[in-house]
Each structure stands twice: as structure tokens, then as C-alpha cells.
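Please read the structure below before turning to the comments.
Values quoted throughout were computed directly from the atomic coordinates according to the rules given, and no laboratory measurement underlies them. Predicted model, so just to flag it, every value in this text is computed and none were measured. Virtual Cβ from ideal backbone geometry, glycine too; neighbours counted across all protein chains shown.
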Amino acid sequence: MSANLDLIKSYVFDLDLKIVKEDRANELIIVEDEEEGIKNLVIDCEPPMVILEQLIMPAPKKTGELYKRLLQMNNTLVHGAFALDEEGKNVFFRDTLELENLDRNELEASIRALSLALAEYGNELLELASWAAVEATKLTVATVPHKGARLRLLHTHLKDAIDLLRSFRSGTISIKPYIVWRIYAECFSTDFQNCAIRSPFCG
């Protein structure tokens, strides 16, 4: 029922979140608040539940202690959890709420939990994710030669993002964590097929 979506939208507007996409047929919206680390957060009405899901990063091929760290991070989250998709290729933040009697405070608490999680662990996740993306562009440059020049440029921008992160973590520069995360989010939102680079590093 569209009434469910309208209720969610009213809460979203009250929370000053920007709706970047709406799908009334499937009763879902995609919202963002980049200053709080919210980027393409899907809020999906699936009665009797509301599902919140945001892509965090591609899972690196060499996972090391990634799974252990995700479980340790989950232990500290107020709402929701980091999870893998069924193929184990991507890490998501996911939370589920009961749609019946859902109020604005409950939805806000779930969204703020994601913001707090990225503020706390965003730098650690970013470094893992950036290296995974760097390795992906290396492979694509090798396998798609006609797009090699642009992909090499993207590869350089991703490494620049990692350097910026390391400077931030070492205290060399002062920058808010959400800005560092936004740089990565812009790199990761790149359309690899069309090489439509939209990173802030690209000017």
C-alpha cells in the first residue's frame, strides 16, 4: 500500500534527508545525507517489515580478518549490522524494523546508527574497500585494453583517496571522517562500464 511509503516519506522529510529516487510500485525510496555518511540508503517497505540497506564496500578477495572484524563491529552497533550479500561480493549495512506502529524516532535511530557506525569504523572499512577497488581496476585495465587509459586514471584517483585517508589517520591533515568516506563513495559510484568518472579528484 502506498500509505506505508507515504508514512516513511513523511518521516524522511522530518529528518531532513534527501530523497534521490522513489519507486512507488515497489514501495521503496533511496535517500542520502552525505554529511552523515548516508549515501544511497534504500528504505524498502516489505510488510510487515521495513528494510534499510546501504552498500558499504566491495568485499576484498583476500578477506584476511574482515569477517572477524565485521562481527566485532556488529557487537558495538546500536541498531542494524554489517552483512554480506548472498554471493559474498559486497558488504552492506542492514537493519529491519516492524512496519506496524513504526514511529519517526525508531526510523531515525536506525539511520543514525549507520552514521555512527561509519564515523567509528569508516576509516578502517575505507582502507579495505579502496584497496579492493584498486585491485579491481588493475584487473579491468588488463582485460579491457580499449578503456585502459580512463581506468588507469580512476586507479590513480583511488590510490589518492587511500593516501588522503592515511594522512588523516596519521594526523598529518585535519578532515572530518564523513568527507573522507564521501570521497570513497564517489569513487565507488563510478560507472565502470562507461568509465564515467565522477570522483572529486577528477575536477
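Of note:
- Entries in LYS21/LYS62; LYS18/LYS89; LYS39/LYS89 that, when Cα-Cα distance is taken, lie over 25 Å: LYS21/LYS62; LYS18/LYS89
- Ranking of GLU86, GLU108, GLU53 by neighbouring Cβ atoms within 10 Å, starting from the fewest: GLU86, GLU108, GLU53.
- Sites listed here are trypsin sites (Lys or Arg not before Pro) in the stretch 23-78 whose DSSP assignment is loop and whose Cβ has at most 11 other Cβ atoms within 10 Å: ARG24, LYS61, LYS62.
- Counted by Cβ distance under 12 Å from GLU106, the other residues give a net charge of -3, where Lys and Arg count +1 and Asp and Glu count -1.
- Here the stretch 1-133 is treated with +1 on each Lys and Arg Cβ and -1 on each Asp and Glu Cβ, and its dipole about the Cα centre works out to around 580 debye.
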